[in-house]
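Nothing in this text is a laboratory measurement; each read-out follows from the coordinates by a stated rule. Quantities reported herein were computed from a predicted structural model and do not represent experimental measurements. Note that each Cβ is placed from the backbone with ideal geometry, even for glycine, and that neighbours are counted across all protein chains shown.
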Amino acid sequence: MLWEAIILGTIIGWLRKGRLKHLSRLNLEGWPLVLVAVLIQAAIWVDFTTSFQYLKSFYSSLYILSFILLVMFFFIQGSQPGFVIIGLGILLNTLVIAANEGMMPVDSTNLPSYVFEELASGEKSPFHTTIDEDTRLEQLGDRIAVPYDRSRLLSIGDIVLAAGAVVLIQQNMVKMRPARRWRK
C-alpha cells in the first residue's frame, strides 16, 4: 500500500503543478531512527529466512522496538500534517503488534487458503500471525482486503499511514509561495 500511496501522492503533486525536486526541502530530523528501525527489521527477516535464526527468541522485542523508533521519528518531525498522519498510522500498528507479542494479527478468512496455511505454519512471516481467540485489538490487525491482490491485507494503521504519505508527498511537491504583501 505504501507504493500505491507514493504514486498517488506524486500524481496529485504533479496535478497541483508541483515538482519532485521540491521533496528535497524536507528536513528529516532524527533520520537515524528510521535507519536503525529498517536495519532491525531487515536483520529479523534475514535471520528468519536463513537456517541460522540466532535472533528468533528476540523477534518480538526487536520488532516492537523498530516500530517505537519509527513512531518517535515521525513525531519528531513536528506539526506538518503528513508526518503526523503517518506517525498516527504507525502508532496504530505499534499498538496492535505490542498487544499481540510482537506479531501483526491477520484475518485468515480474507486470505487464499495457501497464504493462510503458510501463515498458520509460521513459514510465511516472522511478523504476522493469524487472528484467534487470544488476539488482542484484532480490529486494528490486517483485515482489509486489497481488491487487486487477494494475498494482501491491510490494517487501519496501514491505511492511515498511506493517507499520510499521500498528504506529505503532494504538499511538499508544491513549492511554497511567499505570502503577498498588500500595498497601502
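Quick notes
- Normalised contact order of the range 56-184, rounded percent, pairs of Cα under 8 Å and 6 or more residues apart: 29
- Ordered by the number of other Cβ atoms lying within 10 Å of each residue's own Cβ, fewest first, K124, K56, K21 fall into the sequence K21, K56, K124.
- Between the range 80-128 and the range 3-30, the Cα center-to-center distance that results, in Å: 26
- Label point at S125 placed 7 Å out along Cα→Cβ; residues across the range 39-56 whose backbone nitrogen lies under 19 Å: 39-50, 56
- Coordinate range along principal axes, alpha carbons of the range 1-109, Å, largest first: 49, 36, 26
- In terms of surrounding Cβ atoms within a 10 Å radius of their Cβ, D47, D149 rank from fewest to most as D149, D47.
- Rounded to the nearest 20, the Cβ-based charge dipole of the range 1-78 about its Cα centre (Lys and Arg +1, Asp and Glu -1) stands at 460 debye.
- For the chain, alpha-carbon Rg and Dmax in angstrom: 19.0, 75
- Pairs of alpha carbons in the range 82-176 whose separation is greater than 24 Å (percent): 27
- In terms of other Cβ atoms within 10 Å, E117, E138, E29 run from fewest to most in the order E29, E117, E138.
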